[in-house]
1. For Gly219, what residues show an amide H to amide H distance below 5 Å, using hydrogens built from the backbone and excluding near sequence neighbours?
2. Determine the percent antiparallel among the DSSP beta bridges restricted to the chain, to the nearest 5.
3. Ranking request for peptides 29-36, 606-613: highest mean number of other beta-carbon atoms within 10 Å first, then the rest in descending order.
4. What is the helix-to-structure angle for 620-643, meaning the angle in degrees between its Cα long axis and the longest Cα principal axis of the chain, kept from 0 to 90 and rounded to the nearest 10?
5. Report the full-extension gain for the segment Val417 to Ala363: residue separation times 0.36 nm, less the Cα-Cα distance, to one decimal in nm.
6. Rg and Dmax of the stretch 37-195, Cα atoms, in Å?
7. Please report how far the C-alpha centroid of the stretch 363-414 lies from that of the stretch 557-632, rounded to the nearest whole angstrom.
8. Mind pulling the angle between the C-alpha long axis of helix 113-131 and the longest principal axis of the chain? Nearest 10 degrees, somewhere in 0 to 90.
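Taken together, the values in this text are just the output of simple stated rules run on the coordinates, not laboratory data. Since this is a predicted model, take the numbers as computed values, not measurements. With ideal geometry, Cβ positions are generated from the backbone for all residues, glycine too; neighbour counts draw on all protein chains shown.
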Amino acid sequence: MAGRINDDDVKAVRDAVPIDAVVSEYLQLRNGGGGNLKGLCPFHDEKSPSFQVSPSKGLFYCFGCQEGGDTVDFVMKIDHLSFAETIERLAGVAGITLRYEQGGYTPGRQQGERTRLVEAHKVAAQFYVEQLASPEAEIGRAFLAQRGFDQAAAEHFGVGYSPAGWDHLIRYLRGRGFSDKELLLSGLAQEGRRGPIDRFRGRLMWPIRDITGEVIGFGARKLRDDDNGPKYLNTPETPLYRKSQVLYGIDLAKKEIAKTNRAVVVEGYTDVMACHLAGVTTAIATCGTAFAGEHIKILRRLLMDNSGSEVVFTFDGDAAGQKAALRAFEDDQKFAAETSIAITPGGMDPCELRLAQGDAAVAGLVESRTPLFAFAIRHVVGRHNLDTAEGRAAALEAAAPIVANIKNSSIQHEYAVTLAGMLGILDTQFVVRRVSQLARWNRERGQRGGPPGARGNGSYGRGDGPAGRGEPHGPAGRQSAAPPGLRGPALNLRSPAHRVERELLKLALQRPELVAPAFDAYGADEFTAPPYAVVREVIEQAGGVSMADADYVARVREAAPDDTVRALVTELTVEPLHTRRDADEVYAGVQLVAVRLAAVNQRITEIRGTLQRLGQQADPAHLAAVQNELWVLQQYGQSLRERGAAAL
């Protein structure tokens, strides 16, 4: 059983790894205003970025699905790790040696399962690279050379060689402290007649890395005729490796994909190598499976899913390539990005094209791409006999829905006219109207069903955040219902009082120096929204804004009575302020006065009600006291309106 990680080391890890650096390994982040960054949420499907990161506070929050927390929470959630495994991974990134209270400074077997499997793959990858220089691996080096890859290329992609014996890797990893159970679980070994044997033997090895660059599996190419296995043998499904969620080369391509807003999808490991060496450094490939939904999610987060981005698929021009292209087109609507296709000449793949015609031909292949919907239209029309009226009508009904799905309306109209010409239909406007009708029906279906990936705004307090500024997370002013398991009443999001209370709490968490010390004199009863009153109490328990330091927000989150309140604290800490300029003391004073004045007015209303109930028969002393309180509050309210923050 793993020893407990020293608390000081945990804190050191939290402080050492910037949250924006970690999150950027998984998705593209852009300026979100107010010192925050934004991107597409990795925890749910969305079309517009509602995922916010606050580097200064070390927190993230999604206003679409309500996931939030700090760096450790993010890594735990996205990679499904335990707390200990997360700290171990981040400690490795930061170069921090962890102390275990039941195991000294070297965790060894006490490390979490995933951490051990990642380390086993890292060691195995190094082993395979070293073996590529051995005499036995001459056949592997020859294979690479025949495909135009020299030693530098092999080193860049980490290509290695697995010896042909039964247990070379197993014996090596045992010597490094790994157990047979770990080797079997990792997929590096498999059960033989007399115990574990190497899964990969006598093959050229490509390390498959996740988006962060960690080796999580291998692709192995057959080299010898007496090898009765498949041409390519990949790591089986393991706790680390899910082929439907992996893109080969994504670790090398991700920055360029985000920078250029383009991704190029090829079909194999050598194609990725050829493209990168030819200057197409946005190339990636699936690992023994068709390009599908989980792969799309990875690319959408890197491309920010905007209409100016592009995904280019490369396929052979044969029947299998055309079938693959049409399968890719079925997923076109899952992208906001435009999708294109580049057909390789003569049935060559990018690797063969580079060998035959050089790097410029590979780059030219990508530049010669055509829209995927244009390819699909030609393919569908080509299946019909256009010499007959019946054939033309059938072709129209098959191709018109494709044109109607084109995202750009002006291009959609142009292709409707083009389709009429392809079909030989002289009444062009008839085709245009048919396409427009189908496009309208598509829009109406989408409006009735809601946008893909749309989520309800569940947790209390929702709606006064980014949705209130026009971001698509529900109509402004809608009363949000708390999702199952959350406590507290829903807020009337039209209430100006709630909006200003929210803004003041955001200032208290994000810019405490602007509202100190006045905020600390505010009572929880001055916040009319019950959830906000709880947050005010939590801030007080953490020492108040006057005691704010580097650990202030962490103390507030720790003081929260449950995960619901903690999530709201995170949300308020990350959500941008409602000001187009930098927040200053004047802006903070306006919020302080607005909340205090609302509380004063509320109390005045209550006292007037009390006076009305007391009537003239009340005890004179009691009546005078109530009237005096009313007068004092009225004078205070007048002073707040006239003098602003100076009257606090």
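1. For Gly219, whose amide H was placed from the backbone, the distant partners under 5 Å are Trp206, Ile208.
2. So the antiparallel bridges amount to about 70 percent of the total.
3. Averaged packing, sorted descending, gives the order 29-36, 606-613.
4. Helix 620-643 and the main axis of the chain meet at about 50 degrees.
5. The span from Val417 to Ala363 would gain 16.3 nm if fully extended.
6. 20.7, 57
7. After rounding, the separation between the Cα centres reads 62 Å.
8. Tilt of helix 113-131: around 30 degrees.
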